[in-house]
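> First the structure, then my questions, so here it is.
The values are calculated or read from the model by the stated rules, or taken from the named source; none is laboratory data. Just so it is clear, the structure is predicted and the values come from calculations on it, not from any experiment. Here the Cβ positions follow ideal geometry from the backbone for every residue, glycine too, while neighbour counts run over all protein chains shown. Keep in mind that these areas ignore ligands, DNA and RNA; they rest on the heavy atoms of the full protein, side chains included. Shrake-Rupley method; radii C 1.70, N 1.55, O 1.52, S 1.80 Å.
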Amino acid sequence: MVQFNSLFQQSIEKPEEFWAEAAEGIDWIQKWDTVLDSSRPPFYRWFSGATMNTCYNALDRHVLAGRGEQTAIIYDSPVTDTIRKISYKELQDEVALFAGGLKSQGVEKGDTVIIYMPMIPEAAVAMLACARLGAIHSVVFGGFAASELAIRIDHARPKVIVTASGAVEGKKIIAYKPLVDKAIAQSDHQVEKCILFQRDVISAEMLEGRDIDWLELVKTSEPAECVEVAATDPLYILYTSGTTGMPKGVMRDNGGHAVAVHWSMKNIYDIDAGDVFWSASDVGWVVGHSYIIYGPLLKGATTIIYEGKPIGTPDAGAFWRVISEHKVKTLFTAPTAFRAIKKMDPEGNLLEQYDMSSFEALYLAGERLDTDTYYWADKLLSVPIIDHWWQTETGWAIVANCRGIEALEVKAGSPSLPVPGYDVRVVNNEGKELPAGEEGNIVIKLPLPPGTLATLWHNEDRFLSSYMATFPGYYETSDGGYIDKDGYVFVMGRMDDVINIAGHRLSTGAMEEVISTHPDVAECAVIGTNDQLKGQLPLGLFVLKEGVERDPEDIKADLVKMVREEIGPIACLRETSGVSRLPKTRSGKILRGTMRSIANGKEYRMPSTIDDPNSLEEITDTLKNMGYPKQ
Ligand code: COA
Ligand code: AMP
């Protein structure tokens, strides 16, 4: 651990030297005046004064350096039976042309563009084209419903929306255009143009005057050059769930982001230019931004855009097929994908059909890696299984086994040690640091390293109140856990109302907001319950208004439908139950934590502030009748 320890120490004691050296991995137009601008804490800025272009670093410089013929993207789509390889030169040409198309529609540096796309190469082209122009993209995950898209349209105020006619989700085809039309109709912000990629599997109706066909557009476009932007200019906004229905628009800059994700490719993932790196996520999530698109391309590696699932496309051997067919060195996915494979093929028999000789490591993140899944994957694959912990806000790993620096001893249940740049501590609710082994709030001492959120888009106050106010001088991760005597971090789960469903981050508060609009519901609570496949699932408890006589089964069906329609299918709210009252404190706060403990079979103490102890009895009975705790 000698090498790792000394690098880590340097990153904490001399962050400016450390990151200036890492910044040599990026091509700058103009170098910085200051590596770390601390003039307005906690709004730290990295590489102030520097200028560059992220798309240039991801594409053009590799073409200039002779990598033009190397494959940049492998599009592997079992659901459409397609494999397409796109070289760096071809990708550069496509991106430049599409950027020209965006420009012809008035998109300029500093404008925002919403991208609502399935897992097709055009999603990457659209993101990189924005970066090329210095425009700010905001990718919205396709599993979100029209109203969630509308919320993001109103907040990001895009000049253009880029979308496709639809997605193939396992065996289903989902039309995107009606969702986009509905979202545009719902939003107050006027979207002037919608550029749409028509797919063979489904075609969309176009609205004259507003909608533009992607292929028609690029036929007449002139390729656009890379626009010089400040390192501190925004590259993208990515909305993520908070505790309310209004998501948080995490803003990432250009320079710090490029430096950090580029550095992470070698140091965390041990990936060099030319290697094949596969992140089986979606471009709508942060993992997709950092490790399907920007990280691998900034490094000059080959990335895979996989339009399929771990199971059912066509079977639980899908991941092994992709690894062997494309000679994947490293796979990054969420533990839930492995739980799904394990469920379908517990002995891993399908693996025998494939040549896995290229495969060197599996990285997992997005949710807690349970030890069952860890040991199963470890035994089956005989490669290092690396758990690593991070968040949309940080954009890259906070705690990880940095194999590119020095492989550390693995402790099952821990993503291992803080990554260089992150000074991780555990504190109690009063902000006092806790001794080794004691569980509390995981916080990170400021400044955060480059690549982490610069602020929340158009909401500095929320940035301060959500992350910086509770523990001054520290970033509040909202995850709980402890650090053991060897410095290993154990992340136990969220301390707020965010839950993790199949590696997707969702807000129970947002679901409550939807349920509470039902005309028969007086009040409600949504809690996260443990699930063997998806990690967590939401459960809704509601109290009916006085005098409501409708069949409770109909109301339950309404609630499930409403959440699906308002938030999206990925919210996975399937179970709800009526109760006569919700347990509360005397000041009227709903005791969600206590209900969560009951549903998950965890011991709990009767809160001394409880208003009516009998209310907990009813909840316990209700949950028991519904089969909770489930495991
Ligand atoms: N567009 C539209 N709908 C989508 C969607 C998309 N991009 N992604 C998911 N959905 C829908 C699904 O079709 C499903 O709808 P249904 O209720 O009609 O069946 C619903 O959202 C829930 O999706 P999901 O949670 O993915 O469940 P699943 O049963 O289809 O698949 C897994 C389960 C475990 C196989 C799947 O979640 C998976 O592959 N997870 C990998 C984890 C991952 O990629 N995490 C990203 C962060 S690293
Ligand atoms: P997201 O912002 O969608 O990436 O979700 C971030 C949240 O996922 C974190 O705050 C954690 O609660 C959880 N998470 C991510 N990775 C891990 C991990 N390796 N172990 C435990 N929890 C994780």
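> Give a quick list of GluC sites (Glu not before Pro) in region 598-631 that DSSP marks as loop, anything other than H, G, I, E or B, with at most 13 other Cβ atoms within 10 Å.
GLU603
> How far is it, in nm, from the label point at PHE43 to the one at ASP272 when both lie 7 Å from their Cα along the line to the Cβ?
4.3
> Output the peptides 13-19, 249-255, 320-326, 126-132 sorted from most to least packed, where packing is the average of other Cβ atoms within 10 Å over each peptide's residues.
126-132, 249-255, 320-326, 13-19
> To the nearest 0.05, how large is the calculated FRET efficiency for GLU208 and SER577 if R₀ is 51 Å and r is the Cβ-Cβ distance?
E between GLU208 and SER577, to the nearest 0.05, is 0.60.
> A further question follows. Under the rule a/c < 1.5 gives rounded, and otherwise a/b versus b/c splits prolate from oblate, where does region 502-625 land using the Cα gyration tensor?
Because a/c hits 1.5 or more and a/b fails to exceed b/c, region 502-625 counts as oblate.
> Reachable lysines from LYS109, Cα under 26 Å, same-chain residues fewer than 8 places away excluded?
Answer for LYS109, where 26 Å is the Cα cut-off: LYS31, LYS89, LYS159, LYS193, LYS219, LYS248, LYS299, listed by chain and number.
> Diagonalise the Cα gyration tensor of region 126-284 and give the resulting equivalent ellipsoid semi-axes, square root of 5 times each eigenvalue, largest first, whole Å.
After scaling each eigenvalue by five and taking roots: 27, 20, 19 Å.
> Here's another thing I want to ask about it. Give the distance, in whole Å, between the Cα centre of region 208-230 and the Cα centre of region 527-584.
44
> Okay, next question. Based on the Cβ-Cβ distance of LYS630 and LYS31, what FRET efficiency does E = 1/(1 + (r/R0)^6) give at R0 = 45 Å, to the nearest 0.05?
0.20
> While we're looking at this one, here's another question. Between ALA185 and MET1, what's the calculated FRET efficiency when r is the beta-carbon distance and R0 is 60 Å? Round to 0.05.
0.55
> May I ask you to work out the translational diffusion coefficient for the chain at 4 °C, viscosity 1.567 mPa s, via Stokes-Einstein with Rh from the Kirkwood sum over Cα pairs, reported in whole µm²/s?
D, rounded to a whole number, is 51 µm²/s.
> Restricting to Cα pairs below 8 Å that are 6+ residues apart, what does the relative contact order work out to for region 33-117? Please round to a whole percent.
18
> Take the alpha carbon atoms of region 343-394, find their center, do the same for region 83-130, and report the distance between the two centers in whole angstrom.
That distance is 32 Å.
> Could I ask something else about it? Can you give the charge dipole size of region 289-344 about its Cα centre, rounded to the nearest 20 debye, using +1 on the beta carbon of Lys and Arg and -1 on the beta carbon of Asp and Glu?
So the dipole magnitude of region 289-344 works out to roughly 200 debye.
> Along the charge dipole of the chain, which of SER6, SER466, GLY431 sits closest to the positive end, that is, farthest toward it, with unit charges on the beta carbon of Lys, Arg, Asp and Glu (+1, +1, -1, -1)?
Farthest towards the positive end: GLY431.
> Same structure, new question: What number does region 231-312 give for Rg over Rh if you use C-alpha atoms and the Kirkwood radius?
Result: Rg/Rh = 1.02.
> Let me ask something else about it. Under a plain spin-label model, where a point goes 7 Å from the Cα along Cα-to-Cβ, how far apart in nm are VAL201 and ALA407?
3.7
> Now, a different point. Given VAL218, SER281, VAL259, which one lies farthest toward the positive end of the charge dipole of region 215-293, if we put +1 on the Cβ of every Lys and Arg and -1 on the Cβ of every Asp and Glu?
The residue sitting farthest along the positive end of the dipole is SER281.
> Contact order normalised by length for region 502-625, with contacts defined as Cα pairs under 8 Å and 6 or more residues apart; what percent is it?
Value for region 502-625: 22 percent.
> While we're here: If the chain between ILE174 and LYS343 were fully stretched, how many nm would it gain, using 0.36 nm times the residue separation less the Cα-Cα distance?
So the chain would gain 58.2 nm between ILE174 and LYS343.
> Please report the accessible area of HIS62 (heavy atoms, 1.4 Å probe, ligands and nucleic acids excluded) in Å², nearest 10.
We get 20 Å² for HIS62.
> Relative contact order (percent) for the chain, with alpha-carbon contacts under 8 angstrom and 6 or more residues of separation?
Computed value for the chain: 12 percent relative contact order.
> Mind checking the dipole of region 115-248: about its Cα centre, +1 per Lys or Arg Cβ, -1 per Asp or Glu Cβ, Debye to the nearest 20?
For this selection, approximately 400 debye.
> Continuing with this model, one more query. Describe numerically, in nm with one decimal, the distance between label points set 7 Å from Cα along Cα→Cβ at VAL383 and at ARG84.
Roughly 2.7 nm, to one decimal.
> Using packing as a proxy for protection, rank 330-341, 490-501, 459-470, 429-440 so that the peptide with the highest average count of other Cβ atoms within 10 Å comes first.
Most protected by this proxy first, the peptides run 330-341, 490-501, 459-470, 429-440.
> Additional query: Please give the calculated 222 nm ellipticity per residue for the chain, where each DSSP H segment of at least 4 residues contributes -39500 (n - 2.57) and the sum is spread over every residue; nearest 500 deg cm²/dmol?
Rounded to the nearest 500, it is -8000 deg cm²/dmol.
> Would you mind computing Rg(Cα) / (2.2 N^0.38 Å) for region 334-485, counting N as its residues?
1.21
> Quick check: residue separation of GLU433 and GLU24 times 0.36 nm, minus the Cα distance between them. What number comes out in nm?
143.7 nm
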